[in-house]
Every structure is written in C-alpha cells, then in structure tokens.
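**Student:** Okay, handing you the structure first.
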Amino acid sequence: MKRLDDYRGIETDAVLDDICQKGKRLSGTSVVHVNATAVGGGVAEILDNLVLLSNDVGVRTDWRVIHGTPFYFEVTKKFHNALQGQDVSFDERELDLYKRINEKFARFAFLDHDIVIVHDPQPLALVDYVPNSRPWTWRCHIDITKPNKQAWEFIEPYILQYKRMIVSADGYKRPDLDIEQRIVYPSIDPLAPKNRDLSEETMDGYFKGEGIPVDKPLITQVSRFDPWKNPEGLLNVFQKVKKEMDCRLVFVYNMASDDPEGVRVYNHMRKLAKPYLESQDVLFVRGDDPALVNALQRRSTVVVQNSTREGFGLVVTEALWKETPVVARKVGGIPEQIEDGVTGFLVERDDDDGFAEKIVELLRDGDMAAEMGRQARESVRRKFLITRHLLDYLNLFENVVVDK
Ligand code: UDP
C-alpha cells in the first residue's frame, strides 16, 4: 500500500513536508466524504486514492456511499443532466423519492465527524436531515453555470445550508450564491494502477489478452457511455479522420452504479457503429481493469475527449500525465488542463472538422506529439497530482477547525 513518502521524487519535498506537518496538526480531526458510487466516474476514482493518503498522514478520514434504489439513481442522473442545462422536468414523486432516500441514509450514516464533505447533487439533501450538524462543505464536480430552472430552484435551498462550496474551475463559481466558494482542482494519483509506469511487456500482455490489434494508430476515448461525452459525435469525427489516414477508434468504457444511462447509450452506440465494429475499425473495450486503461492511454497515438459538457475530465489529466497527446473540446474543466497548442489541442464545441484536423496533425507529426506530451506531463506534475490535492484539503480542514 502506498505511503506519502513514496511520492518523493514525483512531488516536491516542500509540498510533502507541508502535508506531513499539517497532517500531524490535524491528527484527532475526523473527516467524512459522502458520494454516490464507489466505482465508476471521476469522483470515485479521486476518493479511492485520496481517502487512503489522507488517513496515511494522520487525519481520520471515512468514505460513505449513499444507498439508493435504481429509480433514485434515474432521478439523480436527471438532476445531473438538468443542472448541466438539459431541458427536463421533475414531478412530485421524483422529488419526494430524492428527499426520502437522503433522509433514510441520514438516519444511519452517523455523519457526526468534525468535517463533512458531500460530493455532487445525489447526497446534497443530507444536510437537511442531520441535526446539529457542523458547517458542511458541498463539493460540486459538475458544471452548474447554466442549470435548468426547476432543478436549480429545488437544489439551491439545500446548497445554501452548506458553509461553503468547492468547484473545479473559476468559471463555476456562482456570484448569486451567498456562501463561501473556493476552487480545488481534481487530481490523479501517479502511483495508482491507473497511472503508474508500465513495462512494454506488461502492456503487450494486456493488448494480447484483450485481442487489441496494433497494426494501425489508435485514437482512444475513455469514458462512461454518457450523452455528454458525445460518443456519437466522435464517430462522426472519426469518419473524417479516416478519410485522411488509416487508424482505429477505441471506446474504452465502464458503467457507474449511479448512472443508469450507460446501458442505453451503449446499446445505441453498438447499433450505430455496427459496420465499424465488424471491420474492427472501431473497438469497444471494457475498461474495468485500471491497468488496461493505463496501457491503452499510453499506447494510443492520440487520446480524445469529445465531451459537450465536462465537469473536469480526469481522463484528460490521465492521458496528459502519460505524455499521450490529447485533442479535446474547449468545454468545462478541460481548458483548465490544456494549454492549446502547447500541452494538447482544444477545439470549439461544434467544430468537428477542426477536431478531425488536429487528430490528423498529431497522427502525422510524431515529433510535435512527443514534445506536447512532455509539456503535458510537467503541467500535470505542477497542478494536478494527488499530493497537491491533499494539501488543498488539509488547508481547508485547518480553516474549518479554526472556524468552529
Ligand atoms: N474510467 C475507467 N474505465 C473506463 C472509463 C472511465 O476506469 O472504462 C475512469 C477514468 O479513467 C477516470 C474516471 O473513470 O478516472 C472518469 O472520470 P472523468 O472525470 O473523466 O469523468 P466522469 O465519469 O467523472 O464524468
């Protein structure tokens, strides 16, 4: 199991020493993170690594996952979509179920820690059902700048019961919300199986085991099958690229237990991509094994992220760290990560031709791709490693403990 000291040589000594001191000062403080799934999606990925390291430095850190029914997760995915701007409406039954599941979980979750951090909208309403709660923090991972009106009117009173909101980019702050707001960037763990170095033999083994052919350059998107990740649009971009250069498109996908849309979008995409799947120009690869995802992100010639909305996009960070050049849409948290033309390419939301052109440029110019990859890794090292993330949290915890 990893320890803080294992990050020496990757993270600066100054950051690691600061973490050690603050961890000692905070020993005896209890923290709990609450979210909606233990597996699948960026939040689970972050907590899976961060909670361990936080305990390692001496802060007693729990992780609770709200217990929901399938219908509850249908409703919360609808909330997720509505808060990201989709035009949907909610009936009383849906809103009641949302409240009821939160109320029920609040009864047995015992959220009596010194610091409570609630992630995303699914467990947001817990704050209403825990008596005498200390000031809580809402950690919002999604883009709530242009929400659907009904969803926002329902959600806002809950948000206002929190002491503060944490978002992933400056543009996500809401001046109309009268609570403290701060930015904490998400992060990747460079030592996790998803991101650590892999030998060529190990990668060969994964490719052979999965039957992934390597006779053509690979263009890869790693994502849940979610309409916001725009897999259908990516197929369109791929057709344009393929006219210029022979290559293969890989959809690496998994299912998150809090995302019931995954199966529907998957089935739709299988139909749409049928001829390409038959010719093996397009591959669907199940990405449940983090080391396989790691190998695919490393061996791809280009990693793409075609999202039309994106809270942050950890998959972008993961590819940048591996020095694989990335082409992605200029949406949500992605521009926080990519300096256009330096650490990757950013393309406007509707510009399929531009997206295809940038992929082709990278497929043709290996030197440029390699230089971008080097710059990308350094930028992740500076801004998006788990150690920096932990330090941001420890700084926050110190404020909260002083506030009390
Ligand atoms: N992921 C994975 N296997 C897959 C698809 C995704 O392990 O087949 C991981 C991916 O590596 C990343 C996370 O799920 O760590 C997705 O995070 P991101 O922020 O990109 O998107 P989200 O799903 O949270 O919207």
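Throughout, read-outs are computed from the coordinates displayed, never taken from laboratory work. Not measured: the values here are computed from a predicted model. Neighbour counts are summed over all protein chains in view; Cβ atoms, including those assigned to glycine, are modelled from backbone coordinates with ideal geometry.
**Student:** In terms of modelled amide H atoms, which long-range or inter-chain residues lie less than 5 Å from the amide H of residue 345?
**Tutor:** 326, 327, 328
**Student:** With axes computed from alpha carbons, what is the tilt in degrees of helix 149-159 against the longest principal axis of the chain, rounded to the nearest 10 within 0 to 90?
**Tutor:** So the inclination is approximately 50 degrees.
**Student:** Between residue 371 and residue 60, what is 0.36 nm times their sequence separation minus the Cα-Cα distance? Round to one decimal in nm. Before the final figure, lay out each step's value.
**Tutor:** Details: separation 311, 0.36 × 311 = 111.96 nm, distance 4.17 nm.
Value of the extension gain: 107.8 nm.
**Student:** Can you list the residues of the range 373-404 with backbone N under 17 Å from a point 7 Å past the Cα of residue 30, pointing along Cα to Cβ?
**Tutor:** 401
**Student:** While we're here: Could you work out how far apart the two model spin labels at residue 266 and residue 12 are, taking each label as a point 7 Å from the Cα in the direction of the beta carbon, and quote it in nm?
**Tutor:** Each label point lies 7 Å from its Cα, and together they span 4.4 nm.
**Student:** A further question on this structure: Give the lysines reachable from residue 322 as a straight Cα distance under 29 Å; neighbours fewer than 8 places away on the same chain don't count.
**Tutor:** Leaving aside lysines fewer than 8 places away in the same chain, those within reach of residue 322 are 2, 194, 208, 216, 229, 240, 242, 243, 330, 358, 383.
**Student:** Report the gain in length on full extension from residue 170 to residue 20: 0.36 nm times residue separation, minus Cα-Cα distance, nm rounded to one decimal.
**Tutor:** Details: separation 150, 0.36 × 150 = 54.00 nm, distance 2.82 nm.
Full extension of this stretch gives 51.2 nm more.
**Student:** Okay, moving on. Given contacts defined as C-alpha pairs under 8 Å and at least six residues apart, what's the relative contact order of the chain, whole-number percent? Could you put the intermediate results ahead of the total?
**Tutor:** Working: 709 pairs, mean separation 67.4, N = 404.
Worked out over the chain, it gives 17 percent.
**Student:** Relative contact order (percent) for the range 252-404, with alpha-carbon contacts under 8 angstrom and 6 or more residues of separation?
**Tutor:** Working: 173 pairs, mean separation 27.5, N = 153.
About 18 percent, as a whole number.
**Student:** Residue 399 label point, 7 Å along Cα→Cβ, cut-off 13 Å on backbone N: hits in the range 115-159?
**Tutor:** Those under the cut-off are 136-139.
**Student:** Report the antiparallel proportion of the DSSP beta bridges in the chain as a percent, rounded to a multiple of 5. It would help to have the intermediate numbers written out before the result.
**Tutor:** Working: 0 of 41 bridges.
Roughly 0 percent of the DSSP beta bridges within the chain come out antiparallel.
**Student:** Another one. Any idea what the relative contact order of the range 1-127 is, in percent, if you count C-alpha pairs under 8 Å spaced at least 6 apart?
**Tutor:** On the way: 138 pairs, mean separation 41.0, N = 127.
Relative contact order here is 32 percent.
**Student:** For the range 11-76 and the range 361-404, what is the centre-to-centre distance using only Cα atoms, to the nearest Å?
**Tutor:** 18 Å
**Student:** Between residue 5 and residue 39, what length comes free when the chain is fully extended (0.36 nm per residue of separation minus the Cα-Cα distance, one decimal in nm)?
**Tutor:** Going from the current span to full extension adds 9.6 nm.
**Student:** Compute the distance from the alpha-carbon center of the range 198-215 to that of the range 109-146, in whole Å.
**Tutor:** Rounded to whole Å, the Cα centres lie 42 Å apart.
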